[in-house]
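Notes follow once the structure below has been shown.
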Amino acid sequence: MNRQVETDQRPRPHAAVVEALRLLGKRRLVLAIHDSSFPCLADEEIGRGTPYGKGARAFLRFIRGLGFDAIQFGPQGQMARDNPSPYDGTLFSRNILNLDLAGLASGAESWLSRETLDKRVAQARTADRMYSDHRHAFDVTHAALNEIHQRFVARRDQGDVEALRCGRELADFTRREFAWLYPDALYHVLAQEQAWRHHVDWRIPDQAYPLSDLHPRHTDARRFWEARLAQLPTSQQHAIERYRLGQYLLHRQHARLRSAAQSYGLRIYGDLQIGISACDAWSRGGLYLKHYL
């Protein structure tokens, strides 16, 4: 997509489009699109779209010029590596695959090396794909998040100004979103270490699942999670911080998108998932019937 599309001038639909909508009695023209379908610029392509990149920003300006004044996203929850359906995503955690990696490889923070991103972009260019590659994008994004977290920790330990500022914002974000953030983080850390490795589906009662005894069916959920987290080894604490950092970056990028869309004259709507993610059924087990699928 042409970079020249990105300007400071607010995009406005053609007068003929505005008049046509008036004659049809349409007050709102909404474009529905899933996150993976957003276009990318050549230097951000990893095999899947994101609503937070430069290509997506130019696309929003483009559709505003066509007369659309609202955009509807699909469900934006975190998906499993082996299930690309957004309708089985998490209720609260955002999908890490939506991270604008190119944005994180530039600017004052530069949490991701451009060399790493260029390597992943080159892989996407050489692949012969007609559709987005969920597993490839999943692996690429999680590997990138590992590097982002490592660089963040190293720079924070060195007293880097940007890292310290990010650390304070991360701490504030964690306090505000504790109710969902820690349970989701703990689930993904434990599931990756135990269940995914053995391809065990916890929803099937006949399969022994190592997390099944951790369903928090307690009235004081915060105390339960604080006690559970205090028992974790250092490696898992490290992994949970990585998860929190990814969610913080996603929420920050989403806030920027909302601001840009508003400046373009676009409203944002969201869709809800119709399935139940394994994460939510585990961390909020008290809300569901036992063995309910």
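The values are calculated or read from the model by the stated rules, or taken from the named source; none is laboratory data. All figures in this text were calculated on a predicted structure; none of them were measured in a lab. Virtual Cβ from ideal backbone geometry, glycine too; neighbours counted across all protein chains shown. When the accessible area is computed, the model is the full protein with side chains, heavy atoms only, and any ligands, DNA or RNA have been set aside. Shrake-Rupley method; radii C 1.70, N 1.55, O 1.52, S 1.80 Å.
Remarks
- Hits in segment 231-258 (condition: in contact (Cβ under 8 Å) with a residue 24 or more places away in the chain, open to solvent by 10 Å² or more (accessible area, probe 1.4 Å) and β-branched (Val, Ile, Thr)): none
- Some residue of segment 49-57 being in contact with a helix residue (DSSP H, G or I) (Cβ under 7 Å, 6 or more places away or on another chain) and of a type in the set (S, T, N, Q): yes
- Condition broken by ALA122, with the remaining ones in (1) under 20 Å from the mean Cα position of the chain (by Cα); (2) open to solvent by less than 60 Å² (accessible area, probe 1.4 Å); (3) hydrophobic (A, V, I, L, M, F, W, C) satisfied: (1)
- Single residue of ASP133, ASP139 found to be open to solvent by 60 Å² or more (accessible area, probe 1.4 Å) and either over 14 Å from the mean Cα position of the chain (by Cα) or closer than 28 Å to TRP282 by Cβ (or both): ASP139
- Matching helices (runs of 4 or more DSSP H) fully within segment 108-185 where at least 1 residues are within 15 Å of GLU45 (Cβ to Cβ): 114-126, 134-157
- Looking only at segment 266-287, and only at residues there that are among the small types (Gly, Ala, Ser) and open to solvent by less than 20 Å² (accessible area, probe 1.4 Å), the one that is modelled with the lowest pLDDT: GLY285
- Filtered residue count, segment 31-43, keeping only those that are open to solvent by less than 20 Å² (accessible area, probe 1.4 Å) and of a type in the set (Asp, Glu): 1
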